[in-house]
Ligand SMILES: Nc1ncnc2c1ncn2[C@@H]1O[C@H](COP(=O)(O)OP(=O)(O)OP(=O)(O)O)[C@@H](O)[C@H]1O
């Protein structure tokens, strides 16, 4: 469902991703680990369309993104992907329900599912609250609800529990895993946390030479 073909990205003359190729399987929850600065967030940003590769392609459902114009690529990502990124944090001036409904609104879909999604992440009845009334863990639950509300085929998460205490992080990750599995989506999660990676079906390590499968990184 997602394929990276010879993906290359250089910043200021310094290669970060060097002809990276990989095929992700549908329905799989993959963790990506690797040392700091190796390009994990860069890779996720390229898949999310927040940045463009220098060369190579990202193929989604057989469709090379390079063959699409900006509008078509944005539309495909908006309908097919869900994001749990700091860059798309919960918006402070919208209620929780409005935050969760945002992908539905952008896709012109009925916003009905937003309330059910909030309930699914344990925040039923709090749809009228504003983000400032939430704890960090609750905020991440809203982000998970928003990432999944429009039933995306692919969920991208960048350190989804980076700033949470270990117990809250565990429960958030279990929730993410359950929701991803219940919806049949694929997920790619970048993390430094072995405990977080343990919630994934498998872990890939990003190195200068590419993405490598490891049996057990714990
Ligand atoms: N917008 C940018 N402009 C210039 N350099 C960048 C930019 N984004 C990333 N880089 C550089 O690319 C390299 C990879 O960064 P990236 O954030 O992808 O690494 P990472 O593996 O996610 O690291 P970490 O685990 O520390 O978050 C780093 O050397 C970083 O300084």
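Worth pointing out:
- Residue 74 being farther than 23 Å from residue 25 by Cβ and either without any contact (Cβ under 8 Å) to a residue 24 or more places away in the chain or surrounded by fewer than 19 Cβ atoms within 10 Å (Cβ to Cβ) (or both): yes
Residue-wise test of (1) at pLDDT 90 or above; (2) surrounded by 18 or more Cβ atoms within 10 Å (Cβ to Cβ); (3) in contact with a strand residue (DSSP E or B) (Cβ under 6 Å, 6 or more places away or on another chain); (4) part of a strand (DSSP E or B).
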{"residue": "132", "(1), (2), (3), (4)": "yes, no, no, no"}
{"residue": "142", "(1), (2), (3), (4)": "yes, yes, no, no"}
{"residue": "162", "(1), (2), (3), (4)": "no, no, no, no"}
{"residue": "172", "(1), (2), (3), (4)": "no, yes, no, no"}
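- Contacts under 7 angstrom Cβ, first residue in the stretch 23-46 being in contact (Cβ under 8 Å) with a residue 60 or more places away in the chain, partner near the ligand (Cβ under 7 Å from one of its atoms) and assigned to a helix (DSSP H, G or I), 6 or more apart: 32/40; 34/40
- Note on the stretch 187-197: residues that are surrounded by 15 or more Cβ atoms within 10 Å (Cβ to Cβ) and assigned to a loop (DSSP other than H, G, I, E, B) total 2.
- Failed criterion for residue 69 (all others in (1) under 15 Å from residue 176 (Cβ atoms); (2) loosely packed, with under 15 Cβ neighbours inside 10 Å hold): (1)
- Strands (runs of 3 or more DSSP E) enclosed by the stretch 1-120 - at least 2 residues per element that are within 13 Å of the ligand (Cβ to nearest atom) and either closer than 24 Å to residue 197 by Cα or touching a helix residue (DSSP H, G or I) at 6+ places or on another chain (Cβ under 7 Å) (or both): 2-11, 14-24, 29-33
- The condition of being at pLDDT 95 or above and touching a helix residue (DSSP H, G or I) at 6+ places or on another chain (Cβ under 8 Å) does not hold for residue 137.
The values are calculated or read from the model by the stated rules, or taken from the named source; none is laboratory data. Just so we're clear, the structure is a prediction, and the values are computed from it rather than from any experiment. Quick reminder, even Gly has a Cβ in these numbers, built from the backbone with ideal geometry, and neighbours come from all protein chains shown.
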